[in-house]
């Protein structure tokens, strides 16, 4: 620890701390442009000049590390003169167009010029003109005239994200920020440069000329689109959400967002948004529709009892909303048929759930079927940051495709589809053959040997699994057997073995907290009972079962048989004539509520705007129905998902370990086999802003297969057939997918009409358009 | 990528304690043959050197002697620094433009010459001066552009 004095105040900080960070701890603000804690020191902008005793000249506070007994002055005539000079230079070619700049009022160049800058510059010559409002990509604009060349954006993309798509081009006053080869940046994380840019150079295209700080209201929120639950801020103007920004939390979050989350905020204004109520295909008033649904529930209860009603939770609903629905279902209807709309069969008990803090301590990361870049992008950044700081980090991908990337290198154990759990169990057996749990796991496997994985690989994997000090696993939740193997692994290792579930829906942990079952079996049972006529009425909140449930045929059969299907939501489900009532729901940014993310962390999202049209909160619906059913619910006290003992994280409940023998993975025959996985662009509510970036070629096949099938090297449309069903979709070539496999995003519409397994691929004939 | 570039890259790397330092010599060597550095060439160089395209492009754009567009057989840089400007570089440039029927920054239709301006080339004793390919030529009086164009300049 090092002691120093800044502006007469003493402080002790760890060695290696920069003056600027030490000053921040004392609440002393030193102006900076180029420095950012996540990116480290650079010293490009010279704005942070301070006086250090015994140093002959002013020093940059962001590149000067503290030393024992150092005396720093961050104010005074010398410092002011230095900063004034820097600003005069920065402003020589700046267009001074603050009145038409989106950042006007939230710009550090404005703020610091006001505080330290000269009243006017002495430079008389014409200003150099550069590109204004040029594209970085569909979402980000660059105004090169306003840029102060701090390089935050270039360094963020190049060093931090590892996708060097931005660069400084040219020299001296001609230097500009632009994209490589002037083609649009394609990274998942480009929007963050808007937040990082301290001036008005990098702007949000959808927010361009939409508002100024004095027109807007900002509320703290949480991104609702994936289970990462990134902390964010929502900007609203006149009752409309017009922007989303990252919200840094000291010592925990940098405030990064992925582009899908940052720019997907407009789903509430989608032209297809459900704004009125529909009963049996007829548009009707909200009161009529709600009353009609209440009567249906009453009829079902009268004829078959409360247990003939099923309730399914989904969408972007908050934990509190789920609690309200849950109380209505249990207390008023009297049913225990409550489930969450899930797309994967696996489940992770809270006791095994890790946090993002574990990533900061990890020495080994397992990617179990999950590619974080595609599924939970900001976790990919967290892993990358760990790798940048701890280069010995071992990353091991286990799944049917390569899961490591150039930006997150490691080794891959490529397993045949549905064999990953067995591979993990066999790897454990190489080290602990006598362990009772391991023995149970292997009991039924006999002499099964996984295809393509050698005994040496199994041994090496086993050694690594048990040897790692802090082993973080990211699990896609596809195979329940893997959940069991992970529980055994956690029991076996006497060291931290946190697991992060990357599967959705975003707030499944919250709904579970509120009293819904998150087990896939319960969802399946409700649908089967509906198909078999045991359940007569199904209330669906927010979920689009037709696309979310992995077997569309079962949902179809259930809907066909049900007396009443009631769907509350933001988007009408596509092509579902069996839906008897459609009720418009209030959604994210329209209701206050808590989201619980993949760390089991509780985070509050404030309401920013009013629900449009007839859209109303869930509580309004359940209250009306409770009245119709003559069992009004009392809400004296607001239920709080927080727990006294747990604070921000859900309380830990020990999960008893039930180990059952793994089944021998069925051999899958076929030249081409379909596998599915998570792709953030295809998940959650549809957005118009995102349209240009939704992959046109979402399917992925090996380049060799593509060549054999006659697919163009740049990809193209193909027909995927399985028995009677088929689907035409775009395919791209991806060497990370092994030969003989086709990867499709599991949540892309229509994918759940097919089942993972053998398929036939053929080139789609060009459709002739008249 | 030309087959010999692999070898050029390893030769260049061998000359320096840090492989990164070989980037510019390799770029020069390739440009000498290719005449300019296309997007594809930049990509190839990045692959050869194991650095990002972004890095190579930043370097190429920083230095005025790397060309990112096709240039003529001879590249004439006219120095427009202070000394040369006082000694008449404006007029020299104007005469060259008239004589070659192109504007500054352009290449003649027959691909013989490219005319560019350069910031101070640090040869004020030769003002007004030019740089033809990699050689300094000066002083050149504005009316002597024909002499300049006919001059034998070793490359």
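The values are calculated or read from the model by the stated rules, or taken from the named source; none is laboratory data. Computed from a predicted model, the values in this text were never measured in an experiment. Positions of Cβ are backbone-derived with ideal geometry, glycine not excepted, and every protein chain shown enters the neighbour counts.
Tally the residues that are in a helix (DSSP H, G or I) and out of contact with any helix residue (DSSP H, G or I) (no Cβ under 8 Å at 6 or more places or on another chain), restricting the search to the stretch A:98-115. Walk me through how you get there before you give the answer.
To start, the set of residues in the stretch A:98-115 that are in a helix (DSSP H, G or I) comprises A:98-100, A:108-115.
Still in the running and out of contact with any helix residue (DSSP H, G or I) (no Cβ under 8 Å at 6 or more places or on another chain): A:99-100, A:108, A:111, A:114-115.
Matching residues across the stretch A:98-115 total 6.
All but one of (1) away from chain A (no Cβ under 14 Å); (2) farther than 21 Å from residue B:151 by Cβ; (3) not in a helix (DSSP H, G or I) hold for residue B:22; which doesn't?
(3)
Residues are listed down the side, and each one gets a yes or a no for (1) within 21 Å of residue A:456 (Cα to Cα); (2) crowded, with 21+ Cβ neighbours inside 10 Å:
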| position | (1), (2) |
| --- | --- |
| A:375 | no, yes |
| A:379 | no, yes |
| A:388 | no, no |
| A:393 | no, no |
| A:398 | yes, yes |
| A:404 | yes, no |
| A:421 | yes, yes |
| A:428 | yes, yes |
| A:431 | yes, no |
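Scan the stretch A:384-397 residue by residue and report those that are touching a strand residue (DSSP E or B) at 6+ places or on another chain (Cβ under 6 Å) and touching a residue at least 40 places away in the same chain (Cβ under 8 Å). Even if it seems obvious, please write down each step before you answer.
Filtering the stretch A:384-397 for residues touching a strand residue (DSSP E or B) at 6+ places or on another chain (Cβ under 6 Å) gives A:384, A:394-397.
Of everything in the stretch A:384-397, those that are touching a strand residue (DSSP E or B) at 6+ places or on another chain (Cβ under 6 Å) and touching a residue at least 40 places away in the same chain (Cβ under 8 Å) turn out to be A:384, A:394, A:396.
Do we find a residue being within 17 Å of residue B:141 (Cα to Cα) and either more than 14 Å from chain A (Cβ to nearest Cβ) or in contact with a strand residue (DSSP E or B) (Cβ under 6 Å, 6 or more places away or on another chain) (or both) anywhere in the stretch B:61-77?
Yes, the stretch B:61-77 has at least one match.
Quick check on this structure: which one of A:65, A:44 is buried (at least 18 other Cβ atoms within 10 Å of the Cβ) and touching a residue at least 40 places away in the same chain (Cβ under 8 Å)?
So the residue among A:65, A:44 that is buried (at least 18 other Cβ atoms within 10 Å of the Cβ) and touching a residue at least 40 places away in the same chain (Cβ under 8 Å) is A:44.
Can you confirm whether the stretch B:84-100 contains a residue that is surrounded by fewer than 16 Cβ atoms within 10 Å (Cβ to Cβ), in a loop (DSSP other than H, G, I, E, B), without any contact (Cβ under 8 Å) to a residue 60 or more places away in the chain and more than 14 Å from every other protein chain (Cβ to nearest Cβ)?
So far as the stretch B:84-100 goes, no, none of its residues is surrounded by fewer than 16 Cβ atoms within 10 Å (Cβ to Cβ), in a loop (DSSP other than H, G, I, E, B), without any contact (Cβ under 8 Å) to a residue 60 or more places away in the chain and more than 14 Å from every other protein chain (Cβ to nearest Cβ).
Take the conditions touching a helix residue (DSSP H, G or I) at 6+ places or on another chain (Cβ under 6 Å) and buried (at least 16 other Cβ atoms within 10 Å of the Cβ) and apply them to residue A:655. Does it pass?
no
Here's the yes/no breakdown for (1) in contact (Cβ under 8 Å) with a residue 24 or more places away in the chain; (2) over 29 Å from residue A:559 (Cα atoms); (3) more than 24 Å from the chain's Cα centre (by Cα):
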{"position": "A:501", "(1), (2), (3)": "yes, yes, no"}
{"position": "A:509", "(1), (2), (3)": "yes, no, no"}
{"position": "A:513", "(1), (2), (3)": "yes, no, no"}
{"position": "A:520", "(1), (2), (3)": "yes, no, no"}
{"position": "A:532", "(1), (2), (3)": "yes, no, yes"}
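When residue A:506 is evaluated against the numbered criteria (1) crowded, with 24+ Cβ neighbours inside 10 Å; (2) touching a strand residue (DSSP E or B) at 6+ places or on another chain (Cβ under 6 Å), which criterion, by number, is the only one it fails?
(2)
Mind telling me which of the residues A:458, A:474 ends up being assigned to a helix (DSSP H, G or I), surrounded by 18 or more Cβ atoms within 10 Å (Cβ to Cβ) and at pLDDT 95 or above?
Checking each option against the conditions leaves just A:458.
Of all residues in the stretch B:22-42, which are over 17 Å from residue B:133 (Cα atoms) and loosely packed, with under 13 Cβ neighbours inside 10 Å?
Result: B:40, single match.
Could you tell me how many of the residues in the stretch A:585-612 are over 24 Å from residue A:474 (Cα atoms) and in contact with a helix residue (DSSP H, G or I) (Cβ under 9 Å, 6 or more places away or on another chain)?
Here the count works out to 12.
When you look at residue A:73, is it touching a helix residue (DSSP H, G or I) at 6+ places or on another chain (Cβ under 6 Å) and modelled with pLDDT of 95 or more, yes or no? Outline the logic, then answer.
Details: touching a helix residue (DSSP H, G or I) at 6+ places or on another chain (Cβ under 6 Å): no; modelled with pLDDT of 95 or more: yes.
No, not satisfied.
Would you mind finding the one in A:227, A:198 that is within 26 Å of residue A:32 (Cβ to Cβ), out of contact with any strand residue (DSSP E or B) (no Cβ under 6 Å at 6 or more places or on another chain) and buried (at least 22 other Cβ atoms within 10 Å of the Cβ)?
A:198
What tally of residues in the stretch A:122-161 results from selecting those that are away from chain B (no Cβ under 13 Å), assigned to a helix (DSSP H, G or I) and over 20 Å from residue A:245 (Cβ atoms)?
Qualifying residue count, the stretch A:122-161: 2.
So if I check each of A:523, A:500, A:492, which one is in contact with a strand residue (DSSP E or B) (Cβ under 7 Å, 6 or more places away or on another chain) and more than 24 Å from residue A:755 (Cα to Cα)?
Values: A:523 fails: more than 24 Å from residue A:755 (Cα to Cα); A:492 fails: in contact with a strand residue (DSSP E or B) (Cβ under 7 Å, 6 or more places away or on another chain).
Selected residue: A:500, the only one of A:523, A:500, A:492 that is in contact with a strand residue (DSSP E or B) (Cβ under 7 Å, 6 or more places away or on another chain) and more than 24 Å from residue A:755 (Cα to Cα).
Which of the residues spanning the stretch B:121-155 are without any contact (Cβ under 8 Å) to a residue 12 or more places away in the chain and in contact with a helix residue (DSSP H, G or I) (Cβ under 9 Å, 6 or more places away or on another chain)?
Those that are without any contact (Cβ under 8 Å) to a residue 12 or more places away in the chain and in contact with a helix residue (DSSP H, G or I) (Cβ under 9 Å, 6 or more places away or on another chain): B:125, B:144.
Cβ contacts < 7 Å: first residue facing chain A (nearest Cβ under 10 Å) and modelled with pLDDT of 95 or more, restricted to the stretch B:29-51; second residue surrounded by fewer than 16 Cβ atoms within 10 Å (Cβ to Cβ) and assigned to a helix (DSSP H, G or I), any location; separation 6+ or different chain. Result?
none
Would the stretch A:170-182 turn up any residue that is in contact with a strand residue (DSSP E or B) (Cβ under 8 Å, 6 or more places away or on another chain) and away from chain B (no Cβ under 14 Å)?
no
Can you tell me which residue among A:730, A:716 is out of contact with any helix residue (DSSP H, G or I) (no Cβ under 8 Å at 6 or more places or on another chain), surrounded by fewer than 17 Cβ atoms within 10 Å (Cβ to Cβ), touching a residue at least 24 places away in the same chain (Cβ under 8 Å) and within 30 Å of residue A:545 (Cα to Cα)?
That would be A:730, the only listed residue that is out of contact with any helix residue (DSSP H, G or I) (no Cβ under 8 Å at 6 or more places or on another chain), surrounded by fewer than 17 Cβ atoms within 10 Å (Cβ to Cβ), touching a residue at least 24 places away in the same chain (Cβ under 8 Å) and within 30 Å of residue A:545 (Cα to Cα).
Against the condition in a strand (DSSP E or B) and touching a helix residue (DSSP H, G or I) at 6+ places or on another chain (Cβ under 7 Å), how does residue A:566 come out, does it pass?
yes
Residues checked against (1) surrounded by fewer than 19 Cβ atoms within 10 Å (Cβ to Cβ); (2) at pLDDT 95 or above; (3) out of contact with any helix residue (DSSP H, G or I) (no Cβ under 7 Å at 6 or more places or on another chain); (4) not in a loop (DSSP other than H, G, I, E, B):
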position: A:301; (1), (2), (3), (4): no, yes, no, yes
position: A:311; (1), (2), (3), (4): no, yes, no, yes
position: A:322; (1), (2), (3), (4): no, yes, no, yes
position: A:328; (1), (2), (3), (4): no, yes, no, yes
position: A:335; (1), (2), (3), (4): no, yes, no, no
position: A:351; (1), (2), (3), (4): yes, no, yes, yes
position: A:359; (1), (2), (3), (4): no, yes, no, yes
position: A:382; (1), (2), (3), (4): no, yes, no, yes
position: A:417; (1), (2), (3), (4): no, no, yes, no
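Let me confirm something: among A:241, A:293, A:234, which residue is buried (at least 24 other Cβ atoms within 10 Å of the Cβ) and under 23 Å from residue A:543 (Cβ atoms)? Before you say what the answer is, go through the steps one by one.
On the way: A:241 fails: buried (at least 24 other Cβ atoms within 10 Å of the Cβ); A:234 fails: under 23 Å from residue A:543 (Cβ atoms).
Result: A:293 is the single residue among A:241, A:293, A:234 that is buried (at least 24 other Cβ atoms within 10 Å of the Cβ) and under 23 Å from residue A:543 (Cβ atoms).
Looking at B:82, B:100, B:134, which one is outside the structural domain of residue B:38 (by TED's automatic domain parsing) and touching a strand residue (DSSP E or B) at 6+ places or on another chain (Cβ under 7 Å)?
B:100
Would you mind listing the strands (runs of 3 or more DSSP E) fully within the stretch A:7-97 where at least 3 residues are over 22 Å from residue A:117 (Cβ atoms)?
Passing ranges, in order: A:9-13.
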